[in-house]
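One structure below.
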Amino acid sequence: MSTLSYEATGAAQQALEQHLPALVEDRIATRIFAKDHTLWGSDAESESAIRLGWVEAATVSQPLVKDILELREALRAEGVTRIVLCGMGGSSLAPEVIAGTAGVELTVLDSTDPDQVRAALADRLAETAIVVSSKSGSTVETDSQRRIFEQAFNDAGIDAASRIIIVTDPGSPLDKASREAGYRAVFNADPNVGGRFSALTAFGLVPSGLAGVDIQAFLDEAEETAEVLNEDAPENIGLALGTALGGTTPLRNKIVIAEDGSGIKGFADWAEQLIAESTGKLGTGVLPVVAGPGSPEVAEGADDVLVVRLVAADADVDLAENQVAIAGGLAAQMMVWEFATAVAGRLLGINPFDQPDVEAAKVAARGLLDAQPEPTPAAFVDGAIEVRGGQWLRSASTAAEAVSALLDTLAADSYLSVQAYFDRLAYAGFEGVRDELAAVTRRPVTFGWGPRFLHSTGQFHKGGPAIGVFLQVTAAAAEDLAIPERPFTFGELIAAQAAGDAQVLEEHGRPVLRLHLTDRAAGVAQLQDIVAALSSRASATES
């Protein structure tokens, strides 16, 4: 097994000293692995009773390996070497990290942006099979992606059924329809595992294994880690991390997760969903912030921030105050963080297995798709940017003034959330505004690509403490794309998802600045220039 290590300073170490003895005495570790559904209070019992299958996923999933590897070899024998994963949230984030860390190609399509969908369709279709992953079997994004790929296969003279693999819960609408359609394979996942805890189930293993990951070694490492976590001992790293996430006093509710030499690709993005969706509810919770070792939040030392550094096992780490360093292989880390999140939920007094506020944005989006209302008129247009916002916009007449007005709403305990609803692959460089805005505001800044973050941090933004300030960026596509047998297009779907989420945030009293880029490339460049100018002014003021 990969070497696990944990070190903490400041508030994290104090939380460990405060809570660890009681966690050990109350046998929290062994009770979690015994699936004790009473650990999170009476209100959580019904949900937790059907959501603790993840504790044994590494063992339960072992029989899947043979079927996955046999299918991989059969597909390769047919010349199928490219796997596209159509999935959202827990169905896509874990496989993306697993494949990326292993260095194998996996195309993750977790968007409804027409340009990003079209790009996925255009790349080596003849060599492609798709994995459609949806726990409920009714996720609108994955259903739309499956439809467009099925049409593309048929139009190209490819037997679509032979190129479609399904991962879903047994008995879901997708399960039944897929078997009737004769798709290449249908894998059922454990229904007693929630999406964000599903990395070690079929949702994580099928796309990763088909792409070429050594999933047997991955499961073996996780299984060994589970044995270590299933101990009521002061040395239990999962208990220690749980105290850091949910047990600081006063609560440091922004957890900055920085990749710092661990070699794990994109782990913080996976952990972001796990923690935000599990803890952000009932007005409390902790917000994960994906950052790098040189990001402003790491050095800022704010009173409401705790920094967790993902380091190499043999690293000589010099920890600053209020920091945690954790090392371990990917499978081991996934087990530790799932376990620690469950422990944090107990310390926070919430149910870590539900997501009561995620559905609100879905309902709003569906309502907008059905009604097809005219877009809210822009407050004004500046270059390639249409600006929409609330009363806090005041007298702003340029996009730069609007961004400044939004930032002025930040309080001492606030965070800024940047939400970009367009092609995350073609415009990956746009994420650079995150560090710049963190330096300008001296506040934690999250960056989410829509609509995928709706299945991730979206729960915290609405159900957590009312301290978020939101910059939503949408962008016109070069050309829209129809969804087969649906009365709406991909462009209409992503627009409704963005508008619906903004509507719910505003109903929760959150400040939302909506910037729509009428020309994608020009608008991105204009917005980047605005942020760069703010950064320059902030640097000049400090000097």
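Quick look at the values:
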{"quantity": "Residues within the stretch 165-191 that are surrounded by fewer than 19 Cβ atoms within 10 Å (Cβ to Cβ) and touching a Leu at 6+ places or on another chain (Cβ under 7 Å), tallied", "calculated": "0"}
{"quantity": "Selection within the stretch 299-355 - among the polar types (S, T, N, Q) and touching an Asp or Glu at 6+ places or on another chain (Cβ under 7 Å)", "calculated": "Asn351, Gln355"}
{"quantity": "Tally of residues being among the polar types (S, T, N, Q) and in contact with a strand residue (DSSP E or B) (Cβ under 7 Å, 6 or more places away or on another chain) across the stretch 199-249", "calculated": "1"}
{"quantity": "Cβ-Cβ under 7 Å pairs, at least 6 apart or on other chains, the stretch 390-413 side at pLDDT below 95, far side among the hydrophobic types (A, V, I, L, M, F, W, C) and part of a loop (DSSP other than H, G, I, E, B)", "calculated": "Leu393/Ala379"}
{"quantity": "Candidates Ala426, Ala400, Ala411, Ala405, filtered to the one that is within 30 Å of Gly345 (Cβ to Cβ) and among the small types (Gly, Ala, Ser)", "calculated": "Ala411"}
{"quantity": "Only one of Tyr427, Tyr421 that is touching a Gly at 6+ places or on another chain (Cβ under 7 Å) and among the hydroxyl-bearing types (Ser, Thr, Tyr)", "calculated": "Tyr421"}
{"quantity": "Subset of the stretch 133-156 [of a type in the set (Asp, Glu) and under 18 Å from Ser92 (Cα atoms)]", "calculated": "Glu141, Asp143"}
{"quantity": "Any pair with Cβ under 7 angstrom, 6 or more apart, that starts in the stretch 84-102 at a residue that is touching a residue at least 40 places away in the same chain (Cβ under 8 Å) and ends at one that is of a type in the set (Phe, Trp, Tyr) and not in a strand (DSSP E or B)", "calculated": "Gly90/Phe203; Ser91/Phe203; Leu93/Trp270; Ala94/Phe203; Ala94/Trp270; Val97/Phe267; Val97/Trp270; Ile98/Phe218"}
{"quantity": "The stretch 81-119, subset small (Gly, Ala, Ser) and part of a loop (DSSP other than H, G, I, E, B), residue nearest to Ser208 (Cα to Cα)", "calculated": "Gly103"}
{"quantity": "Any chance Thr376 is polar (S, T, N, Q) and modelled with pLDDT of 95 or more", "calculated": "no"}
{"quantity": "Restricting the stretch 338-373 to residues that are surrounded by 16 or more Cβ atoms within 10 Å (Cβ to Cβ), in contact with a Leu (Cβ under 9 Å, 6 or more places away or on another chain) and at pLDDT below 95, the residue that is nearest to Glu17 (Cα to Cα)", "calculated": "Val358"}
{"quantity": "Unique residue being touching a residue at least 12 places away in the same chain (Cβ under 8 Å), among the hydroxyl-bearing types (Ser, Thr, Tyr) and within 20 Å of Gln497 (Cβ to Cβ) when the list is Thr441, Thr457", "calculated": "Thr457"}
{"quantity": "Any hit, the stretch 440-461, residues being in the same structural domain as Val403 (by TED's automatic domain parsing), of a type outside the set (S, T, N, Q), surrounded by fewer than 19 Cβ atoms within 10 Å (Cβ to Cβ) and over 24 Å from Arg146 (Cβ atoms)", "calculated": "yes"}
{"quantity": "Spans of helices (runs of 4 or more DSSP H) in the stretch 1-80 with at least 3 residues free of Cβ contacts under 8 Å to residues at least 24 places away in the same chain and surrounded by 20 or more Cβ atoms within 10 Å (Cβ to Cβ)", "calculated": "none"}
{"quantity": "So Ala302, is it in contact (Cβ under 8 Å) with a residue 12 or more places away in the chain and more than 20 Å from Gly463 (Cβ to Cβ)", "calculated": "yes"}
{"quantity": "Hits in the stretch 484-517 (condition: touching an Asp or Glu at 6+ places or on another chain (Cβ under 7 Å) and among the aromatic types (Phe, Trp, Tyr))", "calculated": "Phe490"}
{"quantity": "Gly432 being in a helix (DSSP H, G or I) and under 30 Å from Ala120 (Cα atoms)", "calculated": "yes"}
{"quantity": "Within the stretch 122-142, tally of residues that are surrounded by 18 or more Cβ atoms within 10 Å (Cβ to Cβ) and either of a type outside the set (A, V, I, L, M, F, W, C) or more than 20 Å from the chain's Cα centre (by Cα) (or both)", "calculated": "10"}
{"quantity": "Residue that is surrounded by the fewest Cβ atoms within 10 Å (Cβ to Cβ), among those in the stretch 260-291 that are over 17 Å from Tyr415 (Cβ atoms) and hydrophobic (A, V, I, L, M, F, W, C)", "calculated": "Leu282"}
{"quantity": "Leading residue by the ranking (nearest to Arg196 (Cα to Cα)) among those in the stretch 321-348 that are part of a loop (DSSP other than H, G, I, E, B) and touching a Gly at 6+ places or on another chain (Cβ under 7 Å)", "calculated": "Asn322"}
{"quantity": "Qualifying positions in the stretch 254-282 - part of a loop (DSSP other than H, G, I, E, B) and farther than 17 Å from Ser456 by Cα", "calculated": "Asp260, Gly261, Ser262, Gly263, Ile264, Lys265"}
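Per-residue answers, yes or no, for (1) under 16 Å from Gln419 (Cβ atoms); (2) of a type in the set (Ser, Thr, Tyr); (3) part of a strand (DSSP E or B); (4) at pLDDT 95 or above:
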| position | (1), (2), (3), (4) |
| --- | --- |
| Ala495 | yes, no, no, yes |
| His516 | yes, no, yes, yes |
| Ala522 | no, no, no, yes |
| Ala540 | no, no, no, no |
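Conditions tested, residue by residue: (1) assigned by TED's automatic domain parsing to the domain that holds Val132; (2) surrounded by 24 or more Cβ atoms within 10 Å (Cβ to Cβ); (3) among the aliphatic types (A, V, I, L, M).
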{"position": "Phe197", "(1), (2), (3)": "yes, yes, no"}
{"position": "Ala202", "(1), (2), (3)": "yes, yes, yes"}
{"position": "Pro207", "(1), (2), (3)": "yes, yes, no"}
{"position": "Leu210", "(1), (2), (3)": "yes, yes, yes"}
{"position": "Ile215", "(1), (2), (3)": "yes, yes, yes"}
{"position": "Leu239", "(1), (2), (3)": "no, yes, yes"}
{"position": "Pro250", "(1), (2), (3)": "no, no, no"}
{"position": "Ile255", "(1), (2), (3)": "no, yes, yes"}
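The values are calculated or read from the model by the stated rules, or taken from the named source; none is laboratory data. Because the structure is a prediction, the values reported are computed rather than measured. Positions of Cβ are backbone-derived with ideal geometry, glycine not excepted, and every protein chain shown enters the neighbour counts.
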